[in-house]
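Q: Below is the structure I would like to discuss, written out as structure tokens.
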Amino acid sequence: MAFVRWFKRNLVVIAGLVTLGYLLLPNVIVTVFSFNKPKGRFNYEWQQFSTDAWRDPCGVADMCGSLSLSLQIAVWATLGATVLGTMIAFALVRYRFRARGAVNSLIFLPMAMPEVVMAASLLTLFLNLGAQLGFWTILIAHIMFCLSFVVTAVKARVMSMDPRLEQAAQDLYAGPVQTFLRVTLPIAAPGIAAGALLAFALSFDDFIITNFNAGSTVTFPMFVWGSAQRGTPVQINVIGTAMFIVAVLFVLVGMVIGNRRNRQKA
């Protein structure tokens with residue numbers, strides 16, 4: 001009976017830990033197999049512990065080139081989507097204009113639309129415009145589908161802002177630019193940062209939209225997909241593990257900074 005009572009009391013915690021473990025299990029497997037030394041072309045069965053892939057992560061031809069290309073596209077797509085998304089979010093929250101409801105609906109449409117539909121639509125647009133498929137078409141496509149996620153994150157933050165803070169700054173003779181830089185922007189920064197990180201992750205990881213609009217350009221997800229047809233090098237696991245570690249470090253740094261700010265406020 002004591003165990004049953006304890007289990008009921010901690011059911012939510014246990015369910016959360018089980019869910020977290022289930023979500024992290026693929027990352028653990030990828031990390032473990034990054035130290036594998038397969039005998040054949042496929043890295044699907046454990047054979048022997050080795051750090052060869054970690055010592056030479058670019059040992060596979062064209063892999064680091066595709067990784068560099070994906071990082072470039074993700075950075076530029078993040079910058080473009082973040083700037084445009086932030087301005088759109090402020091416009092939707094702060095201003096009243098005709099067709100505001102329609103714009104709201106159109107902004108959220110890419111989030112609800114299947115990726116293959118958006119990919120085919122963008123490909124049709126580029127072909128009708130006579131654009132050459134490659135880096136720039138991928139970048140435009142990524143900004144298009146990342147925009148909705150940035151607007152959603154920033155809009156939620158802007159809606160929760162207290163307008164009296166900006167009014168107080170204006171009462172203290174702060175100009176519009178000064179009020180925005182010293183009051184509005186710092187308050188909206190967490191939402192902007194969240195939207196930017198989400199846009200980067202979505203852009204770097206995208207395959208479907210990229211595959212439709214890439215032409216002969218090969219990004220890292222496309223390289224992984226192509227490698228899976230003829231053999232999966234261990235270096236793919238190394239890159240995946242490194243990206244996971246970097247993401248975890250970003251989260252931990254954000255938590256530490258947030259805790260320090262809370263302590264200073266207290």
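The values are calculated or read from the model by the stated rules, or taken from the named source; none is laboratory data. All of these numbers come straight from a predicted model, not from anything done at the bench. Neighbour counts are summed over all protein chains in view; Cβ atoms, including those assigned to glycine, are modelled from backbone coordinates with ideal geometry. We work out accessible area using only protein heavy atoms, side chains counted, and drop any ligands, DNA or RNA first. Shrake-Rupley method; radii C 1.70, N 1.55, O 1.52, S 1.80 Å.
Q: Using the Cα centre of the chain as origin and beta-carbon charges of +1 (Lys, Arg) and -1 (Asp, Glu), tell me which of 149, 139, 227 is placed farthest towards the positive end of the dipole.
A: It is 149.
Q: What are the residues whose amide H is under 5 Å from the amide H of residue 36, where those residues sit 5 or more places off or on another chain and H is modelled from the backbone?
A: 50
Q: Starting from a Cα-only point model with no solvent, please compute log10 I(q)/I(0) by Debye for segment 61-232 at q = 0.10, 0.11, 0.16 1/Å.
A: The calculated log intensity ratios at q = 0.10, 0.11, 0.16 Å⁻¹ are -0.47, -0.55, -0.95.
Q: Could you tell me which helices of the chain pass both thresholds, a Cα extent of 20 Å or more along their own axis and a mean Kyte-Doolittle hydropathy of at least -0.5, with helices taken as whole DSSP H runs?
A: 11-33, 63-94, 115-129, 135-159, 185-205, 234-265
Q: What aspartates and glutamates sit close enough to residue 37 to cross-link, taking a C-alpha to C-alpha distance under 19 Å and skipping anything fewer than 8 places away on the same chain?
A: 45, 52, 56
Q: Could you list the trypsin sites (Lys or Arg not before Pro) in segment 217-266 that lie in coil according to DSSP, counting only those with at most 11 other Cβ atoms within 10 Å of their Cβ?
A: Of the trypsin sites (Lys or Arg not before Pro), not one in the loops of segment 217-266 has a Cβ with at most 11 other Cβ atoms within 10 Å.
Q: Roughly speaking, to the nearest percent, how much of the chain's 1.4 Å accessible area is carbon and sulfur?
A: 68
Q: Report the accessible area of residue 67, computed with a 1.4 Å probe over the heavy atoms of all protein chains in place, in Å² rounded to the nearest 10.
A: Near enough 30 Å² of accessible area.
Q: 222 nm [θ] for the chain, helices only, -39500 (n - 2.57) per DSSP H run of 4+, per residue, to 500?
A: Helix-only estimate at 222 nm: -25000 deg cm²/dmol.
Q: Could you tell me the accessible area of residue 171 in Å² (1.4 Å probe, neighbours in place), rounded to the nearest ten?
A: Approximately 120 Å² of residue 171 is accessible to the 1.4 Å probe.
Q: Which order do you get for 209, 143 if you rank them by accessible area with a 1.4 Å probe, largest at the top?
A: 143, 209
Q: Modelling each spin label as a point 7 Å along the Cα-to-Cβ direction, I'd like the residue 108/residue 25 distance in nm, to one decimal.
A: 3.3
Q: What FRET efficiency comes out for the pair residue 39/residue 245, r = Cβ-Cβ distance, R0 = 25 Å, nearest 0.05?
A: So, using R0 = 25 Å, E works out to roughly 0.35.
Q: Here is a further query. What relative contact order, as a whole-number percentage, does the chain give when Cα pairs under 8 Å and 6 or more residues apart are counted?
A: 31
Q: Also: Which peptide among 7-14, 83-90 comes first, and what is the full order, when sorted by highest mean count of other Cβ atoms within 10 Å?
A: The most tightly packed comes first, giving 83-90, 7-14.
Q: Next question, about the same structure. To the nearest 10 square angstrom, how much accessible area does residue 177 have with a 1.4 angstrom probe?
A: Accessible area of residue 177: about 100 Å².
Q: Roughly how big is the chain's charge dipole about its Cα centre, with Cβ charges of +1 (Lys, Arg) and -1 (Asp, Glu), in debye to the nearest 20?
A: Using only the charged Cβ atoms, the result is roughly 1020 debye.
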